Amino acid sequence: MEDVRIWMTGAGLVTALGRNTRETWERLVGGERGFGPVDLFEVTGQRATIAASVRGIDLPDHSGGWSRTSVFAREAAEEALVEAGVSPKSARVGLVVGGTTGGMFETEARLAKLHAEPYTREGKKALSEMLTHPLTSTGDRLFECLGPFVCVRTICSACSSGANALVIGALWLLSGKVDAVLAGGSDGLCRLTFSGFNALAAMDPDPCRPFDRRRRGLSLGEGAGFVVLERASDARTRGRTPIAELAGWALAAEAHHITNPEPAGKVAAGVVRDALLRARISPAEVDYVNAHGTGTPLNDAMESAALRLALGEESHRIPVSSSKGQIGHTLGAAGAVEAILTALAVARGVLPPTIGLEEPDAACDLVHVMSAARPSHVRAALSNSFGFGGMDTVLVISQPDHGPPLEPSARKVVVTGASTLTPAGFLGARGSAALLAGPSRAARARPLDIEIESSLEAARARRLDRPARLGAMVAVRALDGDDTSQPNRAVAARPRVGAVFGTAFGSVDASAAFMHRLFDRGPRFASPAEFPNLVPSSPVGHVSIYLGLRGATLATADLATSGESAIVQAVELVAAGEADAIVAGSIEGASDIAERILVGLFARSSAEVDTPRAEGAAALVLEAQGHAEAREAHVLARIGEIHEWREGAELPLRSIRLSVNPSMARVILPRDHDGMGALLDDSPWRAVARLSLASSAGQHEGLGGIALAAGAGLLGEGDVQQVLIVGLAIGRGYALTLDAP
Amino acid sequence: MDPTPLSLLKTEIKGLIVKELNLQGRDPATIEDDAPLFGAGLSLDSLDALQLAMSVEEKYGVRIPEGEEAHAIFASVSALAHHVATARATA
């Protein structure tokens with residue numbers, strides 16, 4: 001494959017300092033702070049009562065589905081597309097959106113009501129108004145108003161979500177999946193995050209003071225950052241000048257604690273080193289670091305230690321600043337917003353200041369850019385992002401053409417383990433294949449009639465809520481394999497093994513319970529232990545901590561194809577060399593609220609109402625073929641073709657190659673769809689037997705993961721040689737082929 | 001005045017610790033009155049301390065101060081029970 005450079009040719013920002021990139025940057029380098037009293041919601045009685053809010057935002061009239069988060073995203077995304085001169089209508093453009101709260105602000109008051117009085121008239125009204133703003137809603141709104149995009153990914157890795165969106169966009173450019181990417185993050189303020197960080201005693205009552213010895217915590221902000229990334233060769237052909245080059249990156253998990261960073265900063269230091277190695281840029285060429293710098297005592301000390309470890313002597317030279325004393329911590333947007341600020345520092349030769357820092361802490365011994373911005377030529381810069389659950393991402397942003405180009409890799413990916421949790425039981429690969437044999441009498445059981453509580457080590461699992469437990473169980477089983485005399489789990493201890501799980505709605509019921517306590521009892525009684533479990537990346541974070549997985553770790557969301565999106569994401573990460581193996585799949589906990597919303601939505605299609613929403617989980621171990629061979633792992637299946645498409649695109653079934661005799665292949669449909677039969681009849685797969693999963697695995701949004709685990713199990717048994725899995729949901733679909741080893 | 005004897009308070013607090021911090025399978029009676037709650041002993045951490053402070057405040061209406069003072073109060077079940085009893089007696 002050809003060497004590739006990735007250029008940032010457009011950027012858009014919405015922050016408390018401004019509704020575009022120019023205004024935000026000018027006020028940032030001018031040292032202004034965006035904090036003011038919170039007026040979006042009641043904050044009386046909270047430790048902090050200020051935030052860096054975006055002013056003057058109006059939701060569109062008849063705002064069906066428009067949240068503040070989505071409005072910020074649209075403004076930033078439009079600015080980025082206009083600057084880059086890229087139109088999704090005339091080019092193959094992908095969209096990657098990172099976030100944590102989606103439309104939480106718009107729905108949280110209703111959630112509290114739903115929890116307290118689910119069956120009253122008020123409760124029913126709340127339900128009908130909800131229609132939910134799931135995390136995917138931002139991507140869906142951007143698709144409607146700026147699309148079409150050829151592929152869309154919604155991800156969450158807590159406070160590194162925005163940075164990871166850029167990484168995924170870059171991988172799509174390296175693999176040739178798209179010609180340009182719109183990637184970024186957006187997060188609006190809401191009661192849930194505000195009272196959650198308050199409960200964690202993580203907020204400074206005053207505007208935050210990153211790296212200062214008197215720092216007492218973070219200050220929340222809100223906003224969005226989106227960039228257009230494209231291959232340098234394409235940008236040159238179009239005659240565009242880049243803002244900067246995305247020269248490298250790395251992501252890893254600390255596997256340490258759900259809220260606290262690993263104090264010595266060893267994992268974070270490793271991520272800084274790996275990002276520079278990927279960029280083939282040495283610390284001696286780094287002239288600026290835009291720190292995560294939240295202002296919490298733990299983060300700033302850990303990050304300082306990590307930078308000193310990774311940069312060595314050069315850490316005494318390289319200037320560091322944090323922008324959070326001006327725009328606040330924008331959570332899921334932060335990684336993208338700050339990547340743009342870092343790119344602007346590179347492009348304009350100005351280092352933004354660290355407002356709030358007056359007396360540097362001895363534990364934060366770095367070269368700080370203090371109260372005033374200063375001019376400085378920047379060859380290369382780092383942008384750090386660290387999220388709950390220890391999901392660390394570092395981006396390297398340089399002058400265009402400064403370092404060597406990136407070396408794309410396209411490693412083959414195999415499946416070396418699989419497990420499912422369904423009403424039919426807790427099964428390994430072989431047992432999961434049997435799910436395809438026909439309906440199970442237990443398919444209606446909900447919640448699962450399985451010893452969930454006792455199957456994990458009680459002491460280590462005590463912080464895991466039910467979705468996290470479901471995920472940890474299938475991850476352990478998938479890693480151990482069917483032959484329990486030869487557990488495979490030692491692979492989990494290797495450093496480049498990560499986790500990616502998809503979930504459609506996250507912890508709706510737990511969020512509702514948390515909000516109810518907040519409204520009912522007041523902010524002092526918001527549960528600090530519950531809060532970290534409400535971010536969509538919490539289950540995968542817990543899985544990483546429980547199993548000690550330290551490679552690339554994040555969550556995806558894509559409605560009823562959430563399992564497919566997670567597995568495709570994991571394959572992309574392994575193929576690109578970002579991880580050697582990833583435990584990937586889907587988790588859907590039982591949710592009364594999600595079920596009632598879905599029944600409301602689909603009330604007219606009677607079949608779905610009759611089937612209660614089940615809970616379940618699935619995991620596959622997706623591993624680089626060379627890595628699996630080197631450790632003599634038992635291979636169940638090889639990943640073949642991957643296709644994904646969005647609303648308006650033609651289903652690609654006709655172009656998917658059937659490479660074995662039809663009698664030796666199977667088509668697996670996670671759920672039944674009208675019209676799918678006709679489409680398959682018009683494809684090379686017309687004569688292949690079709691197996692449906694839903695009747696044996698129940699109904700939920702993670703069935704794609706279960707179908708893929710079952711398919712891998714089927715191939716591992718040797719009865720068939722090729723499997724096609726086609727998963728469809730509203731406006732989106734995925735098709736994957738698995739081949740015999 | 002609160003009539004709860006200190007020994008009963010200690011028993012209640014042990015139950016609260018097991019329930020709120022989800023120490024599954026742990027018999028509250030096996031938690032020693034004077035064993036350290038954090039670090040060694042039960043190995044609880046700062047997130048547990050926040051959760052425990054919230055539950056104690058909710059159950060007994062007693063505020064746990066932050067910072068250094070909290071360290072002393074959370075030293076052991078005995079210390080926590082003593083703080084609750086004193087705070088309630090002077091309320």
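The values are calculated or read from the model by the stated rules, or taken from the named source; none is laboratory data. For clarity, every value in this text was computed on a predicted model and none was experimentally measured. All Cβ positions, glycine included, derive from the backbone under ideal geometry; neighbour counts span all protein chains shown.
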Kindly provide the set of residues from the stretch A:546-555 that are surrounded by fewer than 24 Cβ atoms within 10 Å (Cβ to Cβ) and touching a strand residue (DSSP E or B) at 6+ places or on another chain (Cβ under 8 Å), ordered by number.
A:547
For the stretch A:7-21, give me each residue that is touching a strand residue (DSSP E or B) at 6+ places or on another chain (Cβ under 9 Å) and either of a type in the set (Lys, Arg) or in a strand (DSSP E or B) (or both).
A:7, A:8, A:9, A:10, A:11, A:12, A:13, A:14, A:15, A:19
Return only the number of the condition from (1) at pLDDT below 90; (2) closer than 23 Å to residue A:540 by Cβ; (3) not in a loop (DSSP other than H, G, I, E, B) that residue A:443 does not satisfy.
(2)
Out of B:58, B:68, I need the residue that is under 22 Å from residue A:522 (Cβ atoms) and among the charged types (D, E, K, R). Which one?
B:58
Is there any pair with a first residue in the stretch B:15-37 that is facing chain A (nearest Cβ under 8 Å) and outside any loop (DSSP other than H, G, I, E, B) and a second that is surrounded by 13 or more Cβ atoms within 10 Å (Cβ to Cβ) and not hydrophobic (A, V, I, L, M, F, W, C) whose Cβ atoms are under 6 Å apart and which are 6 or more apart or on different chains, and what are they?
B:20/B:51; B:20/B:55
Restricted to the stretch A:22-60 and to residues being part of a strand (DSSP E or B) and under 26 Å from the mean Cα position of the chain (by Cα), the residue nearest to residue A:234 (Cα to Cα) is A:52
With the stretch A:211-325 as the region, which strands (runs of 3 or more DSSP E) entirely inside it contain at least 1 residues that are outside the structural domain of residue A:337 (by TED's automatic domain parsing) and of a type in the set (S, T, N, Q)?
none
I need the helices (runs of 4 or more DSSP H) fully contained in the stretch A:560-666, keeping only those with at least 1 residues that are modelled with pLDDT of 90 or more.
A:562-575, A:625-630
In the list A:648, A:626, A:640, which residue meets the criterion of being surrounded by fewer than 18 Cβ atoms within 10 Å (Cβ to Cβ), out of contact with any Gly (no Cβ under 6 Å at 6 or more places or on another chain) and at positive phi?
A:648
Please go through (1) away from every other protein chain (no Cβ under 14 Å); (2) among the charged types (D, E, K, R); (3) out of contact with any Lys or Arg (no Cβ under 7 Å at 6 or more places or on another chain) for residue A:520 and return the number of the only condition it doesn't satisfy.
(1)
From the list A:282, A:315, A:322, exactly one residue is polar (S, T, N, Q), crowded, with 24+ Cβ neighbours inside 10 Å and farther than 22 Å from residue A:554 by Cβ. Which is it?
A:322
Is one or more of the residues making up the stretch A:152-175 part of a loop (DSSP other than H, G, I, E, B) and surrounded by fewer than 24 Cβ atoms within 10 Å (Cβ to Cβ)?
no
Candidates A:394, A:378 - the one that is part of a strand (DSSP E or B) and among the hydrophobic types (A, V, I, L, M, F, W, C):
A:394
Test of understanding: among A:195, A:160, which residue is in contact (Cβ under 8 Å) with a residue 40 or more places away in the chain, of a type in the set (Ser, Thr, Tyr) and under 24 Å from residue A:563 (Cα atoms)?
A:160
Six or more apart or on different chains, Cβ atoms under 6 Å: show the pairs whose first residue is in the stretch A:452-475 and assigned by TED's automatic domain parsing to the domain that holds residue A:536 and whose second is buried (at least 24 other Cβ atoms within 10 Å of the Cβ) and modelled with pLDDT under 90.
A:466/A:589; A:467/A:589
Considering residues of the stretch A:201-213 that are surrounded by fewer than 24 Cβ atoms within 10 Å (Cβ to Cβ) and within 12 Å of chain B (Cβ to nearest Cβ) only, the residue nearest to residue A:326 (Cα to Cα):
A:205
For the structure I just gave you, tell me whether residue B:49 is within 24 Å of residue A:465 (Cβ to Cβ) and crowded, with 17+ Cβ neighbours inside 10 Å.
yes
Looking at A:38, A:54, A:29, which is the one that is at pLDDT 95 or above, touching a strand residue (DSSP E or B) at 6+ places or on another chain (Cβ under 8 Å), among the aliphatic types (A, V, I, L, M) and farther than 30 Å from residue A:347 by Cβ?
A:38
Can you name the condition, by its number, that residue A:83 falls short on among (1) closer than 26 Å to residue A:321 by Cα; (2) not in a loop (DSSP other than H, G, I, E, B)?
(1)
Name the single residue that is farthest from the chain's Cα centre (by Cα) among those in the stretch B:38-56 being among the hydrophobic types (A, V, I, L, M, F, W, C) and not in a helix (DSSP H, G or I).
B:40
Given (1) surrounded by fewer than 24 Cβ atoms within 10 Å (Cβ to Cβ); (2) part of a helix (DSSP H, G or I), number of the condition residue A:353 does not satisfy:
(2)
Within the stretch A:523-545, how many residues turn out to be within 14 Å of chain B (Cβ to nearest Cβ) and within 30 Å of residue A:491 (Cβ to Cβ)?
6
How about the stretch B:55-80: which of its residues are within 14 Å of another protein chain (Cβ to nearest Cβ) and either in contact (Cβ under 8 Å) with a residue 24 or more places away in the chain or polar (S, T, N, Q) (or both)?
B:55, B:56, B:59, B:60, B:61, B:62, B:63, B:74
Would you check if there is a residue in the stretch A:406-418 being closer than 22 Å to residue A:336 by Cα, touching a strand residue (DSSP E or B) at 6+ places or on another chain (Cβ under 9 Å) and not acidic (Asp, Glu)?
yes
